[in-house]
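These notes are about the structure you will find just below.
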Amino acid sequence: MEAGPISGTEANAQRPAVLVVDDEPVIAGLVAEVLATDGCQVETAGNGRIALEKLRANAYDLIVSDIRMPELDGIALYRAVEQQYPSLRSRFIFISGNLITQAGEELLARTGAPLLRKPFDLREFRRLAHHALGTP
């Protein structure tokens, strides 16, 4: 299940910053570990509300978000990001282990944001992350 790390960042270049948003600490930790191994700076948030607080304080190159979470779900987070941080619209990867609501399906169809179903293949996740970050 291993794939090569995200490459292309030189020693003096800034590493891509990624925000992982998931209310399941094990999943958030796994995703964060994979991205960190691939050379990214990674922060996590347990829900969309915390993610928005982090977005106000820091710049990110990619957001990886669960869809169903307490307080503010991934769909509502995406809509807020779409309004407040439009440059991140195409740098969003959704993950979910649950059925997607009709509103969620409509948002995914409208935006083209990728969705990985839990449990997901790490090679596919890395491929999507490479694509979103613009790395080989």
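The values are calculated or read from the model by the stated rules, or taken from the named source; none is laboratory data. Everything quoted here is computed from the prediction, not taken from an experiment. Every residue, glycine as well, gets a Cβ built from its backbone with ideal geometry; the counts of neighbours run over all protein chains shown.
Side notes on the structure shown:
- Screening LEU35 on (1) among the hydrophobic types (A, V, I, L, M, F, W, C); (2) under 16 Å from LEU116 (Cβ atoms); (3) in contact with an Asp or Glu (Cβ under 9 Å, 6 or more places away or on another chain); (4) modelled with pLDDT of 95 or more shows it passes everything except condition (3).
- Taken over the range 86-125, the criterion of being closer than 17 Å to VAL34 by Cα, touching a Ser or Thr at 6+ places or on another chain (Cβ under 9 Å) and among the hydrophobic types (A, V, I, L, M, F, W, C) is satisfied by PHE92, ILE93, PHE94, ILE95, LEU116.
- Residue check for ILE100: in contact with a Pro (Cβ under 7 Å, 6 or more places away or on another chain) and either farther than 19 Å from ALA132 by Cβ or of a type outside the set (Asp, Glu) (or both): no
- Any helices (runs of 4 or more DSSP H) falling wholly within the range 23-136 and containing at least 3 residues that are touching a residue at least 60 places away in the same chain (Cβ under 8 Å) and either in contact with a strand residue (DSSP E or B) (Cβ under 9 Å, 6 or more places away or on another chain) or surrounded by fewer than 18 Cβ atoms within 10 Å (Cβ to Cβ) (or both): 25-37, 122-133
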